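The values are calculated or read from the model by the stated rules, or taken from the named source; none is laboratory data. Just so it is clear, the model here is predicted, and its values are computed rather than measured. FYI the Cβ positions are ideal-geometry reconstructions off the backbone, even for glycines, and counts take in every protein chain you see. Accessible surface areas use protein heavy atoms only, side chains included; no ligands, DNA or RNA. Shrake-Rupley method; radii C 1.70, N 1.55, O 1.52, S 1.80 Å.
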Amino acid sequence: MPRRRVSLPAAAVLAVAAVSVPVRPPHAAEGPPAVPGAVLEPVAFNALPGWREDDAGAALDAFRRTCAGSGPNPPQAADVTGSPADLTAACAAAAEVKPADARKFFEARFSAYRIVRPASGAEPERRLGFLTGYFEPELTGSLEPGPGYTAPVLARPDDLVSLAPGETAPGLDPIYRAGRRTETGLVPYPDRAAIEDGALGERTRPLLWLRDAVDLFVLQVQGSGRVRLPDGRSMRVLYDGKNGQPYTSIGKLLVAEGHLPLNGLSLERWTSWLRAHPDHARRLMRMNASYIFFRTEPVTDPALGPPGAAGAPLSAGRSMAVDGNLWRYGLPFWLEGKLPGQPGRGHLVVAADTGSAIVGPARGDLYVGTGPAAGRAAGDLHDRMGFIVLIPKASPAGNAAAPAAGEARP
């Protein structure tokens, strides 16, 4: 589920190399910002279980990489939590920090706040959020169709118009997050079933072919993937837009219809079930009206993941998808709890991506890496977790200002 963007203030705030900011002690924060649906409670770093044991250097590396990203496209809304100017200053300061001083950097430049969802009506106060995991699948494919390569990966159609967060279009129901350009305005884009039946015609083209519809569905659920071609080369297949139709979880459908139990519902298990029941599989997959389009690029660094919504390569175990309507990309988060397969009692990560199912102030999706092992780890990650957000302290007067919302960078 990595989902792309390009250019704006501080999600991947500014390329660090393009900014020159004097590093001075930041001013004290003026109290926690207001976040819809949550209360932010100040917390001391030394009160965070595991804070001193976590690898802050790895988190600093992910933070720098996010800072240097191209940024989100379309831009995040101006009222998203996280000051672009303060994040820009923190990014500039991070450029000279040694790995051994990473923890001191975060303590000096940020204030920590526990995300608490207050009691409302019959709902009690909640101090834990929910964390899941996602990964970059490795699939086999071909640039030409043929035996064993039957599922086309489609390029972005030329009549698809994507809407920015919060944006609406005249005459288009707000439930749709994209539309089809016509002479009279935008209309709902065809759903999955219509697209599979050929509704796009010449408006798109296949980029490559995967072995079957289940592999294609996995690619669309995850939002990106690596594909190994018959000649041994690998290429990266990246999100390039969606039809804007509502997303329906196939896992929930399988459980609701009694095909599989919720307990132990892993990616491997539900994909195996779909392949064993092709008639049910086609019907169930079509019940998810959402459809993802892609672009391709070479794999330049196998150790890094695909670019997230912040426009920067994802770091396994350190990049997290958040609700991009609430949090600005580039904000660090402390995950308070035990992660499967990870030592320690907490983990410092960076907001670098988003996803349609990642909604709310204490909801995250952790990128765990590439390939089958990462897929199993992602499937095992669905845990209650404490979320602490690190808000950059106010920048001193005279520090470099962030670009205006929507302003392109060099």
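Quick look at the numbers
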{"read-out": "Meets criteria (open to solvent by less than 20 Å² (accessible area, probe 1.4 Å) and either touching a residue at least 12 places away in the same chain (Cβ under 8 Å) or on the phi < 0 side of the Ramachandran plot (or both)) for S224", "value": "yes"}
{"read-out": "Filter result (assigned to a loop (DSSP other than H, G, I, E, B), more than 21 Å from A281 (Cβ to Cβ) and open to solvent by less than 40 Å² (accessible area, probe 1.4 Å)) within segment 233-249", "value": "G244"}
{"read-out": "Failed condition for E123, given (1) under 30 Å from F63 (Cα atoms); (2) open to solvent by 20 Å² or more (accessible area, probe 1.4 Å); (3) at pLDDT below 95", "value": "(1)"}
{"read-out": "Meets criteria (of a type outside the set (F, W, Y), open to solvent by less than 20 Å² (accessible area, probe 1.4 Å), touching a Phe, Trp or Tyr at 6+ places or on another chain (Cβ under 8 Å) and over 17 Å from E41 (Cα atoms)) for A112", "value": "no"}
{"read-out": "Filtered residue count, segment 162-219, keeping only those that are in a loop (DSSP other than H, G, I, E, B), among the aromatic types (F, W, Y) and open to solvent by less than 40 Å² (accessible area, probe 1.4 Å)", "value": "1"}
{"read-out": "Given (1) of a type outside the set (V, I, T); (2) within 20 Å of R384 (Cβ to Cβ); (3) touching a residue at least 60 places away in the same chain (Cβ under 8 Å), number of the condition A90 does not satisfy", "value": "(2)"}
{"read-out": "Wholly enclosed strands (runs of 3 or more DSSP E) of segment 292-370 bearing at least 2 residues open to solvent by 10 Å² or more (accessible area, probe 1.4 Å)", "value": "292-298, 363-370"}
{"read-out": "Sole residue being open to solvent by less than 30 Å² (accessible area, probe 1.4 Å) and without any contact (Cβ under 8 Å) to a residue 40 or more places away in the chain, chosen from L284, L274, L262", "value": "L284"}
